[in-house]
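Below: one structure, written as structure tokens.
Read-outs throughout are calculated quantities, based only on the coordinates presented, and are distinct from any laboratory measurement. Everything quoted here is computed from the prediction, not taken from an experiment. Here the Cβ is made from the backbone with ideal geometry for all residues, glycine too, and neighbour counts use every protein chain on show.
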Ligand code: PEP
Ligand code: MN
């Protein structure tokens, strides 16, 4: 049985909004009651499909690409924005699939990624201290007192924004946009300006030739015309995730129907904490972020609690050690988890261990560090005989300037030019595609 929301909160939840101080306890209950009446955003059967695919990842037969914003925003729910993100993810997936001949499981970090854990409760600017921004699910980004109040009505807006995004994504992936015949179309407005666009164009030409050949011999499978696309976000806000947890009528078991895949963040993965307690009960495929302080015993205990039956595809460990630590710290973890017989998919988040503040004050990441962490991840798994199962990246389909380096050689001085993230710095479109080509090479080796 799923524990009650009160029982979960009684476990001492970290990183939750405080509506009491803003007089919002009643409004919180109303928002939760409203959420409980709203239809599921995803179906339990779709979550099971993804679990089957993640089992293939864990076995070494597929590679998962997870990507999207660090924090989605309500104002970012526009057709252009969603299409751009989807387009870059589809391009990356095609590069990985074609160049490495490995099935790619596509999971968008979108349609629900609205809540952020923060290392500090407050933020100070020019002598003014206000509550930290915790994502549009909790408060506003604008740095003024009214906007930073934790407002429970936002939880319902998370639902509606997720529904609108998901509706568009579903239409795009089944309605022709994701047709492999569109490989060139995804790249228009991009080709001429960049070397990476041209490299992609050559690959698209090869794919087109292969498709034409397939069609000439009479093969035109459904897979050429649509893709399976899934959603994920950090399951951070207990009020929201609990309200979205429903009993599946087919199996009589609970699923969190706010997304196909949910993960527990690095800051909320306490073994006896409420996030682990909730996730233990839902049947979705789930992940846990593991930072550099994770001991092998921590990871084994988490697996024991979250996946006691060792169900294939159920559990993914997303490691985020940082380029400097990964080669020395990951081997012991992977070795001992494997020796303990834990069935898990290993995914690399090369973003969160590589964040630093530029002299101009912008939070940024170096493209080279991102690649170095992925390379370290591959090397460690290859040397241990385990499978580097995927990457989890923060990216956008737009030409932002948030991470430095890459083929465009963005410099610290360029960050101010187009820094749009409300939270962590994302790879832009060029950098994302470059990453895909580099990862494809690592997969091929
Ligand atoms: C994130 O994925 O945006 C995040 C906060 O990650 P982590 O929990 O690994 O720090
Ligand atoms: Mn982030």
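Taking Cα centroids, how far is segment 81-135 from segment 181-215 in Å?
What the calculation gives is 25 Å, centre to centre.
When the helices in the chain are scored as -39500 (n - 2.57) per DSSP H run of 4 or longer and the sum is shared across all residues, what 222 nm value do you end up with, to the nearest 500 deg cm²/dmol?
Numbers: 12 runs with 174 residues, N = 445.
Mean residue ellipticity, 222 nm, calculated: -12500 deg cm²/dmol.
What Kirkwood Rh does segment 141-257 have if only Cα atoms enter the pairwise 1/r average? Answer in Å.
Working: mean 1/r = 0.0539 Å⁻¹.
With all distinct Cα pairs of segment 141-257 included, I get 18.5 Å.
Two decimals, Cα atoms only, Kirkwood Rh: what is Rg/Rh over segment 300-394?
Details: Rg = 14.5 Å, Rh = 14.1 Å.
Across segment 300-394, the Cα-based Rg/Rh ratio is 1.03.
How many times 2.2 N^0.38 Å is the alpha carbon radius of gyration of segment 216-358? Kindly include the intermediate steps, with their values, before the conclusion.
Values: Rg = 17.5 Å, N = 143, 2.2 N^0.38 = 14.5 Å.
Rg over 2.2 N^0.38 Å, computed on Cα atoms: 1.21.
Restricting to Cα pairs below 8 Å that are 6+ residues apart, what does the relative contact order work out to for segment 81-175? Please round to a whole percent.
Values: 89 pairs, mean separation 23.7, N = 95.
About 25 percent, as a whole number.
What nm distance separates the two modelled labels at residue 253 and residue 205, each placed 7 Å from Cα along Cα→Cβ?
Here the answer is 5.0 nm between the modelled labels.
Measuring from label point to label point, each 7 Å out along Cα→Cβ, what is the residue 417 to residue 293 span in nm?
Each label point is offset 7 Å from its Cα along the Cβ direction, giving 3.8 nm.
Return 413, 404 ranked ascending by Cβ neighbour count within 10 Å, so the fewest neighbours appear first. Walk me through the numbers before you get to the answer.
Details: 413 12, 404 24.
Ranking 413, 404 by Cβ neighbours within 10 Å, fewest first, gives 413, 404.
Using every alpha carbon pair in segment 121-167, what percent of pairs falls into each 5 Å bin from 0 up to the bin containing the largest distance?
Spelled out bin by bin, segment 121-167 gives 5, 23, 26, 17, 13, 9, 5, 2, 0 percent.
How much of the DSSP bridge set in the chain is antiparallel, in percent, rounded to the nearest 5?
Numbers: 11 of 43 bridges.
Here the share of antiparallel DSSP bridges comes out near 25 percent.
Counting only DSSP beta bridges with both residues in segment 324-445, tell me the antiparallel percent, nearest 5.
Numbers: 4 of 8 bridges.
Among the beta bridges of segment 324-445, antiparallel pairing accounts for roughly 50 percent.
Relative contact order for segment 332-445: what is it in percent, counting Cα pairs under 8 Å that are at least 6 residues apart? Mind dumping the intermediate values first?
Values: 148 pairs, mean separation 30.5, N = 114.
In percent, rounded to a whole number, it is 27.
Order by neighbour count: 54, 244, 1, 214, fewest other Cβ atoms within 10 Å first, most last.
So the ranking, lowest neighbour count to highest, is 1, 214, 244, 54.
For segment 1-81, what Kirkwood radius comes out of the mean inverse Cα-Cα distance, in Å?
Working: mean 1/r = 0.0583 Å⁻¹.
Here the Kirkwood hydrodynamic radius works out to 17.1 Å.
Over the chain, what is the mean sequence separation of C-alpha contacts under 8 Å (at least six apart), divided by residue count, expressed as relative contact order in percent?
On the way: 840 pairs, mean separation 95.5, N = 445.
Relative CO of the chain lands at 21 percent.
For segment 333-386, compute Rg over Rh where Rg is the Cα radius of gyration and Rh is the Kirkwood radius from the inverse mean 1/r over Cα pairs.
Working: Rg = 14.6 Å, Rh = 12.9 Å.
Computed over Cα atoms, the ratio is 1.14.
Any idea what % of Cα-Cα pairs in segment 189-292 are farther than 22 Å? Mind showing how you got there, number by number?
On the way: 3025 of 5356 pairs.
Everything past 22 Å amounts to 56 percent.
How much of the DSSP beta bridge set in segment 239-340 is antiparallel, as a percent to the nearest 5? All intermediate terms of the calculation are to be shown ahead of the outcome.
Values: 3 of 11 bridges.
Rounded to the nearest five, the antiparallel share is 25 percent.
Using label points projected 7 Å from each Cα along Cα→Cβ, tell me how many nm separate residue 280 and residue 179, to one decimal.
Computed distance between label sites residue 280 and residue 179 equals 5.0 nm.
So if we plug the beta-carbon distance of residue 340 and residue 222 into 1/(1 + (r/R0)^6) with R0 = 51 Å, what FRET efficiency do we get, rounded to 0.05? Don't jump to the answer; show the numbers that get you there.
On the way: r = 40 Å, r/R0 = 0.78.
In this case the efficiency is close to 0.80.
Working from the pairwise distances between different alpha carbons, so that the mean of 1/r is found and then inverted, what is the chain's Kirkwood radius in Å?
Numbers: mean 1/r = 0.0449 Å⁻¹.
For the chain, inverting the mean 1/r across all distinct Cα pairs yields 22.3 Å.
Given the convex hull of the Cα atoms of segment 303-352, what is a quarter of its surface area in nm²?
Quarter of the Cα hull surface area: 3.6 nm².
With the Cα gyration tensor of segment 1-142 in hand, give its eigenvalues times 5 under a square root as the equivalent ellipsoid semi-axes, listed largest first in whole angstrom. Could you put the intermediate results ahead of the total?
Details: eigenvalues 232, 96, 47 Å².
For segment 1-142, the semi-axes come out at 34, 22, 15 Å.
Using a Förster distance of 35 angstrom, determine the FRET efficiency expected from the C-beta separation of residue 213 and residue 311, and round it to 0.05.
Details: r = 40 Å, r/R0 = 1.14.
With a Förster radius of 35 Å, E is 0.30.
Across all directions of projection, what mean area in square nanometres is found for the Cα convex hull of segment 347-445? Numbers along the way, then the final one.
Details: hull surface 24.2 nm².
The orientation-averaged projected area of the Cα hull of segment 347-445 comes to 6.0 nm².
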